Structures are given as C-alpha cells and as structure tokens.
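None of the figures in this text is laboratory data; all of them are computed from the coordinates on show. Just so it is clear, the structure is predicted and the values come from calculations on it, not from any experiment. As a convention, Cβ positions derive from the backbone with ideal geometry for all residues, glycine included, and neighbour counts pool all protein chains shown.
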Protein chains: 2
Amino acid sequence: MRPVAIIGIGKTAFGAFPDRDLRSLAVEAVGHALTDANLPAASVEAFYLGNFAGPSFVGQNHLAPYIGTAAGFTGIPCTRFEDACASSGSAFFHAWQSVAAGVYDIVVAAGVEKMTSQSTPRVTEILAGAGDMSGEGRAGATFPALFAMIARRHMHQYGTTREHLAAVAVKNHSNGAKNPLAHMRKVVTLDQALAGKPIAEPLTVYDCSLISDGAAAVVIVPAYRAPRYTSRSVRVCSVAQTSDYVALDSKKDITCFPAVQSAGQKAYQAAAVSPKEIQLAELHDCFTIAEIVASEDLGFVPKGQGGPWAAAGCSALNGSLPINTSGGLKSKGHPVGATGVGQICDVVMQLRGDAGERQVARHQVGLAQNLGGSGATCVVTILKAA
Amino acid sequence: MRPVAIIGIGKTAFGAFPDRDLRSLAVEAVGHALTDANLPAASVEAFYLGNFAGPSFVGQNHLAPYIGTAAGFTGIPCTRFEDACASSGSAFFHAWQSVAAGVYDIVVAAGVEKMTSQSTPRVTEILAGAGDMSGEGRAGATFPALFAMIARRHMHQYGTTREHLAAVAVKNHSNGAKNPLAHMRKVVTLDQALAGKPIAEPLTVYDCSLISDGAAAVVIVPAYRAPRYTSRSVRVCSVAQTSDYVALDSKKDITCFPAVQSAGQKAYQAAAVSPKEIQLAELHDCFTIAEIVASEDLGFVPKGQGGPWAAAGCSALNGSLPINTSGGLKSKGHPVGATGVGQICDVVMQLRGDAGERQVARHQVGLAQNLGGSGATCVVTILKAA
C-alpha cells in the first residue's frame, strides 16, 4: 500500500435547509473539495458516496450517479456506500484503499444526508433501521433508548454520572459555537445540560446529537502526487473499518464496542502511532455517552475513566487531547451520511492550522472515529500534517 | 492487478418466499458459496453486500454487518453497496478490485433482496427511486414506462417489432423452465407473449421481469491460491463499472446506454477479449428491450439488429451466442440486489459445465452485464473457465 494524501476538503454548513435538496448539498461539498484541490471534475477516476437513508428521507435512491453526474463525473464508477452512521467513513475507507493499492490516482469520497424534511418521529423510525428491526426495533427500542441503556450500564459499572455526560455536551457546544458551519452555535451551561428535557433516561435532549442536513467531501491522491496540486495536503496514515453485531443484546458488554477497539488497534498499528501520540480527535458523539465510550475504546483513557476525564477538561480545546473541536455531532450536527467524511474534513482543518477560533496548539496528528448503529460498524482514520 | 478467481458460488432459489426473511436468504447463499469453496467463514477478510432497497422493502438498514455477523463474519469490513439494480454487480466489482490490487486474499461478494412482502404498486414506487424522482419520477414515470419509451424509440429508429421483444421473453422462459432455481418455470409461446396483459405500451407483462426474493454469493481469491481450495475455480478476466445520467431525458439517445458501452469496452480491453470471443452471456433483461439494447451496446450485433438477431434464435441455448441461459431476470426472477452476483453465479455454472439441461456446448468464455436504473450504472464482468 502506497502513502495517500488528502489534497482537498469541502463542507456545506450543517443545519436545517428546507430550500435545499440532497443533491445540491452534495454537489456543493464536492465542488468546494475540487476547488480546494485545484482540480477539475473531469480528472476524478472514481466517486465514493456515503449515504445512510436517502430513499427513506427524501425518496431518492441510486444516489451515486444521481449526484456524481451533477458534480461533473460521467463514465466512472459512482458507488453508494451504506453502513448506517458510518456510511461515509466506509466510503472514505474504500476510496483510500483504492488509491493506496494503486488502482486510482484521483478519487473523491463524499457523504450527504437530508433529514429535516421528515418529522422527528419519522426520523427516529428511519434511524432505528440501523439497529436490529427484528428484535430491539420491534420491541420499540429507538437509538436514544439503546444509548440510554449503554449509559445506565456505564454508570452502574464505572460510576459515570449525569454530570460527566453533561460535561461532554457543554464542551461540544462550546466548540460548536465557534464553528461557522455548525448547526447549533449555542453555548450551553452545565446546569442547562443537566436540566434538559428528558429523551430516554438518563439522556436529556443535550445528550443527543442533532437531526441535520449537510454534505462533506474530500479529494484523495497518492502522496507523491499531492505537491502538484497543493502545498496544503494532509497525509492519510491509516484507515481501518471493522464490524460487530447489530443488535445491542448480542454484545457481551454494552459499555464497550469491540468494533471501535479493533478498528482503533488496526489503525494505530498500520500508522505506527500510539494513542498517546494523537493530538486531537473527532469522535462519534451521536450521544454524549458514545464520546465517553469511544475515548476509552480508543485507549485515550483507561476503561471507565472517560467521564471524569471529560469533566476534568482534558478533552477541551485547551486540554491534553482536544476532542470534537468542530462541536461534534452534538453541536455541529449529524447529517448521518455526511458525518464520517465531515469528521475527516474537520481534522484536516486542524492539521492545516485553519480552524480559526477553535485551532488547537498541537496539531500534527489527528484521529477521526465514525460509528455505525450501536457499534456494528466502526471506521478509524489517522491523519498527519504533511 | 493480479489475476483473480471465483472459487465458490451460492444461490438461493429465486421466488416469492413469504416465510423467509431477507437475512436468512443472504446467509443461505453465503453458506452455499463457502461450502462450495471449502472455506470456513472465519477465513473471510471482507464482506461486500449488494442491496438496493432493504430499508424500503423490509424496514431493515445497516444490512452488511446485520447479515455478515449472522454468516459468521465479525471484526472485518462489512459494507453495503447500492447502485440500484446493479448493487451487487458493484459489490462484486469492489470485491474483485480489492483482491486484484492485493489488499485481501479471501473475500465474499453477495447480493440480496426481499421484495414480495410489499404490494406490486409499492414495489413499483420503491423501484422508481432508482430513477430521477425530482423529474421523471414526479411526472409519474415508473420503470415499465421508461423502458416502454426506450422500446418505442428503438422500434421507430430501427424497425424493432413487438415480435422481436416477445421472442426474447419466449427464449428466456424456455431457459428458465429448465432452471431449478428459477422463479417462474413456465414455457411461454410467442402468441401468449404477444397477447400478454399490457403494462406500458408496447410492453406486456411478458416483457417485464419478475418481483422476487432471493440471494446469491461468490468467494473470490487470487488465482494462484485457487487450487488450494478447489479444482473448479473460474478466472475473473476483468470487471468494469461505469456510470451515466440517472434521468432518461438527460440522455442524447435513449436507444443505447453509454454506461453499458463504456463498461463493455473497458472489460473487453482489460480481458484482451473481443465481443466475438464471448461464448455465453447473462444480460440484464429487466425488460425484453433491455436485453436487445445490451446485445447491441456490448457489440454482439450491430446497432438496431438486436431484435431480429434474437428472433432468429441466435441467442437461444443452441444459438451462436446463448444469452440468459439461466432464464434471465424475466423467468429466473429479479430480486434486485441479488441480480448482479446471481448472474455471475449463472455464468460460473456454465463455465464449469454444471448447467444441466441448460448447458451450452461452447463454455470457455462468459460475460455478465448488470444494469442500474435506466442505464445510469453498468457493471460488466468477463469470466473464463480455469
């Protein structure tokens, strides 16, 4: 496998955009990424699109050529990748693999979702399809309910508290308030987070990520070619995708995700990087408890210590390992299919030193972790400043 | 890219199976393929699943790990590929590419769809999502309507007749009647086909493929490794995936599909094989006119001659180039996401000499062509007996 670089990134704002359709969001993000890479659409050899549930949210399927042709790609492989909330993480994994293995020299990986045209109950129902509809889904377990069980068990097993969960929300809202592309740019206090409307005990509305529209895209080339196009490329050290059971009740221990652990281990090993060397990370905080569990599964803190660690400010912008400097899914928003590639764009911005008010001091090595369902898919990417 | 071989194939029967769920169909096909390859599930390094619309048909999304874990795959990349009716063709393309490029040594590509739990009007509506819902779909154009327009134009431009279309149906039903795994094992006469219930003029019910449940799977390894597992491997000479506009009205000429032409050209070139050397083919006959157009776009006959060629028996079992010896989508059935890998299984059966009553005399080089939508995606695969 040869070294690979990201030479262009593009994101739309994340938010509720009643006057925008899914395709225009994706085309905008791809256009930004190509402009950033100084490349015409005609030079792209393959298009990797992550989308979770376009057919259910907006009634449009066959999205890869539908978006690809509008973005200027014809006659090339245009493929949609679906792995629940890790759909564009998976698209990025396959895009990276094809370039690393020498199949292509220029590819685009993107992700998109348009969720806000459906009511919140219908969105919740569509999202439940990422779980096991023949079991937990039939029993009425929505994702807030599944992650509430994970939180409850984590509290029972490790002493995690509501304050720990709320601390994650406070931090991510604080970061997101500084991100011009975030969905909810609103600072939240610990008291506000604790007093949030209950969604599924112990999770309040402040523990849950947002229902958003948005898109993100990156341009990937072999590292040796990157200087032809830009002086601002970022090196992709490793990408790992793994899987596990979809149903939460199939898991031995719901306070950790084997897919996150194994994807992390594979990514660290392939990049020859240890968790201690990671300087910033975008973690998949679909719920606050998910960020806590991920910080443990990825080896940033010992098992059970994710809550106190966050509450102590270690993952804040000025902490020892800033997490979700973008605001995370909590504040930046979570247009499901766009999230994986969006996280990668956010890490690239930090590594380039382009994160403005949110810029962290140490920004040489970053990690992005994209989770699908309640841990059935995970994609971990390690990036380094060139 | 290194040579690649298929060492195992597995198919369920295609049909209407009210007592089977989507997952059990896919797991059965994967199990058959692994048994055929003499391999345990634990040796598989990545799982590529084609599925068009599981969320819409059966309310289950995140299908790759959902099926993968049930098939015995854990801790490996499990990814769903969607490209409308070419979903599992695309899964196969990416699976082949990963082995050919040296990323993996043992992978499984599969496809599945469970359609018959929905009413025919609802199925038609779901299938319409493979077209442009913001244009042709909003105007009420279902796929039978789109392909009826293609047929009308082909008739106008080249003199194709209803009898030519019906001849394709008669041939495919004749073949399918000999296929134990076919959905509709029923011989149809030309008169019957011509007198079929009109669906969208000039297409009758006999011009339209079936709404089916079913799954198919293959095991892929580097060619040098194949003899370790089986003496019955088949060589994958080339696989090409290309794309084009989703909306029919975006195409310059609706009597041909540029994506089919370019995928064919790329596949022929990579395999160093000419259309004349193809000895049997599975073509994507979602409608009879689609088989006629594909036989032209792939260079088997000059443009416009596909109808007379089929009517003259050239594509019959004992013709110069037998097409759809399985019965095709018309008689074998068209569980959308399973079709691409299913076609490949059918070609492999012929190349192995295992096609029983349907076995053709010359069976060294075969081709499979999988179409998505009204030509927006095409995957062409060329296989040779080992």
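Worth pointing out:
- Inter-copy label distances at A:Gly135, using a point 7 Å along Cα-to-Cβ, come to 4.5 nm with the shortest given first.
- Distance from the alpha carbon centroid of the stretch A:113-159 to that of the stretch A:341-386 works out to 25 angstrom.
- Cα Rg, Dmax, the stretch A:88-196, angstrom units: 18.9, 53
- With both labels modelled 7 Å from their Cα along Cα-to-Cβ, the A:Ser43 to A:Ser250 distance reads 4.3 nm.
- Chain B: calculated mean residue ellipticity at 222 nm from DSSP helix runs of at least 4, using -39500 (n - 2.57): -10500 deg cm²/dmol
- Computed over the stretch A:172-213, the percent of Cα pairs more than 12 Å apart is 61.
- Of the residues A:Ile106, B:Ile344, the one with the fewest other Cβ atoms within 10 Å heads the list, and the complete ranking is A:Ile106, B:Ile344.
- Cubic angstrom per residue, convex hull over Cα atoms of the stretch A:269-350: 98 Å³
- Scanning chain B for the beta carbon that comes closest to the axis linking it by rotation to A yields B:Ala101, 2, distance in whole angstrom.
- Rounded if a/c under 1.5, otherwise prolate or oblate - the stretch B:305-386, Cα gyration tensor axes: oblate
- Distances between every pair of Cα atoms in chain A, grouped in 10 Å steps from 0 to the bin holding the largest one, split as 6, 27, 37, 23, 6, 0 percent.
- Direction-averaged projected area, Cα convex hull, the stretch A:1-44: 4.3 nm², rounded to one decimal.
- Chain A: angle of helix A:143-158 to the longest principal axis, Cα-based, in degrees nearest 10: 60 degrees
- With Cα atoms defining each centre, the stretch B:199-256 and the stretch A:19-96 are spaced 22 Å apart in the structure.
- Note that the stretch A:263-303 carries a Kirkwood radius of 10.7 Å, evaluated over its alpha carbons pair by pair.
- Using a 7 Å Cα-to-Cβ projection, B:Pro40 label spacings across copies, nm, ascending: 5.5
- Dimensions of the stretch B:1-137 along the principal axes, based on C-alpha atoms and rounded to the nearest Å, stand at 43, 35, 24, largest first.
- Footprinting exposure proxy for A:Asp346, A:Asp249 (fewest neighbouring C-beta atoms within 10 Å first): A:Asp249, A:Asp346
- Across q = 0.11 Å⁻¹, the protein assembly as shown modelled as identical point scatterers on its alpha-carbon atoms has Debye log10 I(q)/I(0) values of -1.08, in the order of the q list.
- Between helix A:288-297 and chain A: long-axis angle, C-alpha atoms, 0 to 90°, nearest 10: 70 degrees
- Calculated label separations, B:Gly196, copies of the chain, 7 Å along the beta-carbon direction, nm: 5.5
- Counting only alpha carbon atoms, the long axis of helix B:339-352 and the longest principal axis of chain B meet at about 70°.
- Cross-link pairs exceeding 18 Å between alpha carbons, from the set A:Lys197/A:Lys332; A:Lys332/A:Lys384; B:Lys251/B:Lys332; B:Lys186/B:Lys332: A:Lys197/A:Lys332; A:Lys332/A:Lys384; B:Lys251/B:Lys332.
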